[in-house]
Structures are given as structure tokens and as C-alpha cells.
1. Restricting attention to the range 160-178, which residues are within 13 Å of the ligand (Cβ to nearest atom) and either surrounded by 24 or more Cβ atoms within 10 Å (Cβ to Cβ) or not in a loop (DSSP other than H, G, I, E, B) (or both)?
2. Return yes or no: is Leu95 within 26 Å of Gly386 (Cα to Cα), in the same structural domain as Leu154 (by TED's automatic domain parsing), touching a residue at least 12 places away in the same chain (Cβ under 8 Å) and in contact with a Pro (Cβ under 7 Å, 6 or more places away or on another chain)?
3. Going by the conditions given, is Glu395 among the acidic types (Asp, Glu), more than 16 Å from the ligand (Cβ to nearest atom) and either free of Cβ contacts under 8 Å to residues at least 60 places away in the same chain or closer than 19 Å to Gln319 by Cβ (or both)?
4. From Ala50, Ala114, grab the single residue that is in contact with a strand residue (DSSP E or B) (Cβ under 7 Å, 6 or more places away or on another chain), under 20 Å from Pro161 (Cα atoms) and either open to solvent by 10 Å² or more (accessible area, probe 1.4 Å) or of a type in the set (Gly, Ala, Ser) (or both).
5. For the range 179-195, which positions are buried (at least 24 other Cβ atoms within 10 Å of the Cβ) and small (Gly, Ala, Ser)?
6. Please determine, by comparing only the residues of the range 442-468 that are among the hydrophobic types (A, V, I, L, M, F, W, C) and assigned to a strand (DSSP E or B), which one is most open to solvent (accessible area, probe 1.4 Å).
7. Being more than 8 Å from the ligand (Cβ to nearest atom), part of a helix (DSSP H, G or I), without any contact (Cβ under 8 Å) to a residue 24 or more places away in the chain and surrounded by fewer than 15 Cβ atoms within 10 Å (Cβ to Cβ): is that true of Ser235 here?
8. So which residues in the range 301-314 are in contact with a helix residue (DSSP H, G or I) (Cβ under 8 Å, 6 or more places away or on another chain) and either assigned to a loop (DSSP other than H, G, I, E, B) or not aliphatic (A, V, I, L, M) (or both), if there are any at all?
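The values are calculated or read from the model by the stated rules, or taken from the named source; none is laboratory data. None of the values given here were measured: they were computed from a predicted structure. Cβ coordinates were reconstructed from backbone atoms using ideal geometry, including for glycine residues, and neighbour counts include every protein chain displayed. The accessibility values were calculated without ligands, DNA or RNA, using every heavy atom of the protein model including side chains. Shrake-Rupley method; radii C 1.70, N 1.55, O 1.52, S 1.80 Å.
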Amino acid sequence: MQHIRNFIGGEFKEPASGLWIEKINPATGHTSGSIPDSDQRDVELAVASARDALSRWSETSPQERFLILERIARLIQERNEDLALAETNDTGKPLALSSNVEIPRAASNFRFFATAAMQFSSESHAMPDSINFTLRQPIGIVGCISPWNLPLYLFSWKVAPALAAGNCVVAKPSELSPTTAYLLGEICQEAGLPPGVLNIVHGLGFKTGEAIVRHPDIKAISFTGGTQTGKTISSITGPMFKKTSLELGGKNPCLVFEDCDFDKTVSEVARLAFSNQGQICLCGSRILVQRSIYERFRDALVQKAEKLRIGDPLDEHTQFGSLISEAHLKKVMGYIDLARQEGGICLTGGEIFRPEGRCKNGFFLRPTIFEGLGPSCRVNQEEVFGPVITLQVFEDETEALALANDSPYGLAATLWTRDLSRAHRVANKIQTGIVWVNCWLNRDLRTPFGGVRQSGVGREGGWEAMKFFTEPKNVCIQYSK
Ligand code: NDP
């Protein structure tokens, strides 16, 4: 049983309310611990600690910030085993995914932004008689709110640049996956991060999260989560003129052309559809396939999906674990029912899976593939955020693009083709923030990350993140008339 506490002012603290929320391991369905049911009073305390720490932290040299953030990265690496186990127990994802990908990537985020602190610079603009230079100053106290699907990875993707830029942070991980953020508090203590620089407050979104969003001394909000929550947050931060970054949902198209590398594409499409049980904002969910290869591709993909080893996430051979919660499983099952009502044909999956042994009460669902649903069906328009994909057929590039862009979302697209000119043409015209050609989740931390339309506002990654977490101030000096 894990008894999680808030990390405020460098110490672990119980919530002011004295109330706790039950934490469930979704792979077993059993209670695995408790987390603080924090409210405005805990957020107030966190802001007060951040305020006390701010003037010193914002004036530390880039080298000092580098050294501390780099130490955090190293300690995350050293505690990979603990952290990966915690991530898997909170989310039901395969342990291999937590330990080989997600925790190492969280360490990389800290290392990357540690070096960014050292390299960040700003512009100057010369005039004949004057010079402008732009100072990039920390914003002050910032709020970072993250979701449950890639817990430490997405938490660190916000917290690391915010700290590197000299801000103090009040952060909230998802109530469903709090443990690695809790352990990060221990790591920050060990790494020598001064008290109050990072404060982690656990609790419910509408209570703890909203208290962070509404706090007048928190000057910027970096949020990753659902589009509806993003709308609520921007309706609060807009009138308060808070800088806001929103990384929201997706309904990502995957365009498979007849000239693709067939075997590689089948394997990669199975991966981009079903990694983390389809619960990655970048997962493809609308698979568009050119008619000439449609049937062959469909059959090969179904076969791949059926071969995925589903079961106990702690088993090293497992490739496909449980969904995050019973409520989410019900939501995804609701979309499966809807797909059937809309006339879809279920090619594989579509039903709950019950493993034997310790996971018999877990929230498992088989990888699911539908065909026969038109582009305007709700299942092709709304984000399911689970292991449910649809196949649609297209004749040519024009139709492929029309189908791909027929969505209120615009996060990421993948193109599968060996025709270089086509790859350029389609990448240019597709309306998403990210396009991968013949690959998926190939990440360079320097590149801008984010979406358009209902997938969000703003970009994370590289200098984009450092710019978001700083305020530019232009200084103009006239030196001769
Ligand atoms: P939610 O929007 O439900 O929650 C995200 C975070 O916001 C959680 O910490 C949540 O707290 C908190 N929250 C909820 N309501 C409020 C509120 N009113 N004010 C402030 N904070 C609030 O998303 P999920 O956690 O369900 O995550 C899944 C979603 O995230 C999917 O839509 C997915 O596409 C998106 N996502 C987007 C990514 C991107 O980069 N574009 C990356 C990853 C996911 P709590 O959960 O504790 O209640």
C-alpha cells in the first residue's frame, strides 16, 4: 500500500482536509494506496512556498540549474526499476514499456532541459543609431497539470523546462497515476533542488487542478489532457490573461499508400494503434488504406493485433496491458457499442479480456479493429483514447487527404509511402502539428510538439518550451543621434 503525500516547500505533507482518495491498480482492480484529496488550502501553501523560493531560484546561474537538473536526470535513471514498477502499477501498462521507454524518456527530458538552461539565448535587433535586445525572464510561479497516460514522461516534459527557465512550479499529476510524481519529490530532495522550487499537489482535477488554474499568483498554465478540460481551463485563464499552453486530444490519421514497405507498415501501424493500449495522444486511430492493397493490409493487420500478448503487465512477455480504470473501460466499450450501431463490422476484439490469476479483476480489453464506418460516424470523429481503430478505404491522394483532414482534431499524422514527392506533397497539406513519414514516435526533443484545432494551442519541446516559460522584454538603447 502506497500512502502518497504532497511535496510542498521541500517536505512531504498531508492534505489540509485530512481526506484521502483511494488509488486502484487497474491491472488487478485492487486498492493499491491512497492519495491526498487536496484543496485550495494546499495549493495556497504550495504557492506561498514557491513565492519564498522564487527570487533565489530565478537568479541562480544557468550552470547551477544545469547541475541540479542533470542530477535529477541521473537519479531518475538510477531509480529506473522503482519508477517503472510504480508507473506500471498505477496505469496497467506493460513493465517493459515503462522501464525501456517511458522512465528513460523522463530522464532524457530533464537532461535535455538541463542543457537548454545553459544554451538558451535571446535576440538582438540593431538599428543605425540604437540596439534592441530581448531579455527572456522567468515568468514567476507557473502551474503544470498532466494526464495519466504517460505519467512521469509528460510531467517532466513540463516541469523540466519550467525549472530550467528559472520559474518555481506548482504541479499536479493525474489522480490516477500519482506515484512517480511522488517519487520525483524524493529525487528532487536528493538532487538538492531548493525547497519550494517544485511543489507537487495531488488531488482531483476539478478541485486541486482548478485551484491551481484560478490562483492569481500562478502566472502561466501548461496543461496536457482532454479537449473538454482544455476548454474549461482556457475559459478561466483567458479573462485572467494568463499565458496558457494546451496539449489536448487527437484523432490521428494514418495514411497507408499502395507503394509502402508493406511488412514494415503493418508492424508499425499495429504499434501506433495499440501501444499503451491505444492510450497515447499520438496513437493513430483512423487507418486510411489505398484500395489496391486494402484487403491484404486489413488481413495482415488483424493477424498482428491478434498476436499481441495481452495480460499481466508485470510479465516480461506482455505487450498489451490493462486500460487505466473501470470508468475508462466502460467509456471505450461504449464506443464499441456505438461503432456496431453505426454499422461497423468488428474484425477482431470488441470484448473484455479476463486474464487468469492476479489480474482476473483487471480492466482489460482486446485490441479492436472496425471496418465499414464512414468518415462522419461519431467513432471516426470523436477521440476514443483506447485500443479501438477503424479502417477506411481511399482511391487516391486527393481522397486520402480529404479523409485525413475531415476531423475537428489536428495533432499528428503518419504517412506510409516510398514516393518521396508524395510524402512532401501530403505532409504539406495535412492539417496537423506533427507528421511522421514511414515512422512513428520518432522523437527529437528539439522539435516543436503540439497540435492545431481542437488538439491544442501552443507548442512544447526545445526552444518552444523555453520561450513559453519565459517572458520576453525588449530593451532599446539609443547610442547616437
Ligand atoms: P483530463 O483532461 O481528464 O485530465 C488531465 C489533467 O487535468 C489531470 O491531472 C486532471 O486531474 C486535470 N483536470 C481535470 N479537470 C480539471 C480542471 N477543471 N481544472 C484543472 N485541471 C483539471 O485528461 P486525462 O487525464 O483523461 O488524459 C487523457 C487526455 O489527454 C486525452 O484526451 C489525450 O488525448 C490527452 N493527451 C494529450 C496529449 C498531447 O500532448 N496533446 C498527450 C497525452 C494525453 P484528475 O485526472 O486528477 O482529475
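1. Val170, Ala171, Lys172, Pro173, Ser174, Ser177, Pro178
2. Considered against the rule, which asks whether it is within 26 Å of Gly386 (Cα to Cα), in the same structural domain as Leu154 (by TED's automatic domain parsing), touching a residue at least 12 places away in the same chain (Cβ under 8 Å) and in contact with a Pro (Cβ under 7 Å, 6 or more places away or on another chain), Leu95 comes out as yes.
3. On the way: among the acidic types (Asp, Glu): yes; more than 16 Å from the ligand (Cβ to nearest atom): yes; either free of Cβ contacts under 8 Å to residues at least 60 places away in the same chain or closer than 19 Å to Gln319 by Cβ (or both): no.
Against the criterion (among the acidic types (Asp, Glu), more than 16 Å from the ligand (Cβ to nearest atom) and either free of Cβ contacts under 8 Å to residues at least 60 places away in the same chain or closer than 19 Å to Gln319 by Cβ (or both)), Glu395 does not qualify.
4. Step by step, each of Ala50, Ala114 is checked, and only Ala50 is in contact with a strand residue (DSSP E or B) (Cβ under 7 Å, 6 or more places away or on another chain), under 20 Å from Pro161 (Cα atoms) and either open to solvent by 10 Å² or more (accessible area, probe 1.4 Å) or of a type in the set (Gly, Ala, Ser) (or both).
5. Across the range 179-195, the qualifying residue is only Ala181.
6. Among those residues, the one meeting the criterion is Val457.
7. Judged against the criteria, Ser235 is a match.
8. Residues satisfying the conditions are Lys304, Leu308, Gly311, Asp312, Pro313, Leu314.
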